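Step one of this worksheet: look at the structure below.
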Amino acid sequence: MKETNPTIPTRENGDCIQQWEKDLRRTKNTLATVSALKNRADKICTNAVIWEGKLKTYWENVNETEKQTRDIEIELGIFLERLCTVCDNMECVKEVLEILFCMIAKFYVYTDQLKLKLTELKREIDCLNEPELNAKNSKIVACIEELCTNLDKAIASQRELIKKVIQVLTCACELYEMLCGKEEEATVPPKKSSSKKKKEELEEQERFDFVCSLKIIITRLEGLFNGTGSISDTGGSSNRACGASIHPKPIMPLRNDPYYAETKEEYAAAQKETEGIKSQKDKIEIECNKFLSIKTSLEDAIKASTEAKACK
């Protein structure tokens, strides 16, 4: 703003009051212009501060969200690592139980064979029809009888044992599949419908149901948070019904999403712009105060001179 200095009155310049009145008119016009600029600068500064505040909120929210997603990613990685250790141990448990089952099954076969041999031996001894070879007179026959009795008890007990082992092995396999199982795909069976819905049937057959274990779910979640996975398209078709809701699908990790970088850049630019606007506003305000002071001084001088002239 170009400064307008009032003319310093002297006796050669004529009447001081007339000159001051001219200077006062020029000062008032300049002050009106500067005041208008000041009001405009105030509005611009207010809008800039409001916009900067909004961008600050957006940036703080997205930055805090990014930090939380990194924390979740780390926690998922730790959980998945521990889950893999559990899966390795479960794999060993399965192998041990399978070996134990096979050993018991073989023992079951061997005891049956032994029982068959002992029964055959007893029958052959009975066929000899020798009084000396009865259980009361022969220790050998008595031992065979006792062995058969104990063998029957062992066979009875191993039946219960093998049932328990099968139950434990079944639980271990089911638990392993729930925790560590691999992904299985199964096509959805087609639904019965009229010929008009043939196209819908074909589309239905192309869908898949997945049997997911905890390991698969955690792996997928970790993939979504670290960017190696993908978020399925929900409602991205151009045939979306009018009024249907659209859900944002951020790019993960969030620091790679354009919104993250754009918000950060816009907030930094808004801070710089607001700082410049405030600086310009301060300059205009100083200029406005200066002309206001000049106006007040001229008015006081004119008033004092007019009163002094009236007293003469």
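Close contacts from region 28-57, counting a first residue that is farther than 30 Å from LYS264 by Cβ and a second that is among the hydrophobic types (A, V, I, L, M, F, W, C) and modelled with pLDDT of 95 or more, with Cβ to Cβ under 9 Å and a gap of 6+ residues or different chains, come to none at all. Scanning region 92-132 for residues that are among the charged types (D, E, K, R), surrounded by fewer than 13 Cβ atoms within 10 Å (Cβ to Cβ) and under 49 Å from the mean Cα position of the chain (by Cα) turns up just one, GLU95.
Of the residues making up region 249-275, just one is over 23 Å from the mean Cα position of the chain (by Cα) and of a type in the set (Phe, Trp, Tyr), namely TYR267.
The values are calculated or read from the model by the stated rules, or taken from the named source; none is laboratory data. For clarity, every value in this text was computed on a predicted model and none was experimentally measured. Because the Cβ atoms are built from the backbone with ideal geometry, glycine has one as well, and the counts that use them run over all protein chains shown.
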